[in-house]
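Here's the structure, in structure tokens; my notes come after.
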Amino acid sequence: MSHSVQAKAQHSLSKLQKRLRRQTGQAVMDFNMIEEGDRIMVCLSGGKDSYTLLDMLKHLQRVAPIKFELFVINLDQKQPGFPEHVLPEYLDTQDIEYKIVEEDTYSIVTDIIPEGKTTCSLCSRLRRGILYRTANEMGATKIALGHHRDDMIETLFLNMFYGGKLKSMPAKLMSDNGEHMVIRPLAYCKEADIEQYAISQAYPIIPCNLCGSQENLQRKHTKAMLAQWDIEHPGRVESIFTAMQNVTPSHLADNKLFDFKNLKTGEVIDGGDIALDKPEIPKQPSQDSQQDTAEVVTINLS
């Protein structure tokens, strides 16, 4: 590789790293994900997303004006052939507290779920319960997960298509047992950027052998739909995510979310109704979704 090509590649990687760091810091600020004195349990699966999450949070820990702790948890589910040496060897180089939790959920799932049927639901419930228990044992104040922007958009469409709900994956929310605050610091990060960054860092990726041969078809189809849209209509996916941050309850149809029944004449809410006029649909995605994400901003947590 020539010097100029190498320099160009290094510059591209630097821009990518700055973009991911900026987006992570922005999400943390926007949702107040991290506070002074927090002890954050970072769930490391061995996939590209969780490795990148750990990297971003370690950087944030160095530059943030507040103090917080990080520790890593990995759940060894005793899948046949699982390379149990990989994560400890990697984490030993990272100067971070970690714990490998060994629970044979693989046998439980394969005993209960008939062969050929999806194991995701049961596997997720078992894993979630173990992580909550571990968070209590380790004194965690927050649980950090590696879900990203694309996961959130896919979940939005899955809930609309199959669940009849306008609902997505939250960037921050209390756990279902009411005991733990779950945060997703990569909420603003694109999967393509994360994948490129993981390759550049040569993370020792561990595939999920339990479900790798039986993809969740609904999510797979939704991901393919969004990928096709991204090719045919650049900016559309970004615009969808922007829309998720700009909700107008008065212009939807949930009478529990907005009090339509008691709306009085003379009250103009969010621009009112333009009656029979055609809705104004811009020819291009919103400018918010087209911003150059390579710009670096100062992270200021409080």
Whole-Å distance linking the alpha carbon centroid of the range 86-104 with that of the range 29-59 is 15
Listed with the fewest Cβ neighbours within 10 Å leading, Lys67, Lys78 appear as Lys67, Lys78
Distance in nm between Met138 and Ala192 label points, each 7 Å along Cα→Cβ, equals 3.4
Length gained, Ser4-Arg128, 0.36 nm per residue minus C-alpha separation, equals 39.9 nm
Full extension between His85 and Lys167 adds, at 0.36 nm per residue less the Cα distance, a length in nm of 25.7 nm
Phi angles of the range 55-62, converted by Karplus (6.51 cos²θ - 1.76 cosθ + 1.60, θ = phi - 60°) into ³J(HN,Hα) in whole Hz with x for Gly and Pro, give 4, 5, 5, 5, 5, 4, 4, 6
Extension length gain for Ile199 and Ile269 (0.36 nm per residue less Cα distance), in nm, is 20.4 nm
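Any read-out appearing in this document is the output of simple, stated calculations on the displayed coordinates, not a laboratory observation. Just so we're clear, the structure is a prediction, and the values are computed from it rather than from any experiment. Note: ideal-geometry Cβ built from the backbone for every residue, glycine included; neighbour counts use all protein chains shown.
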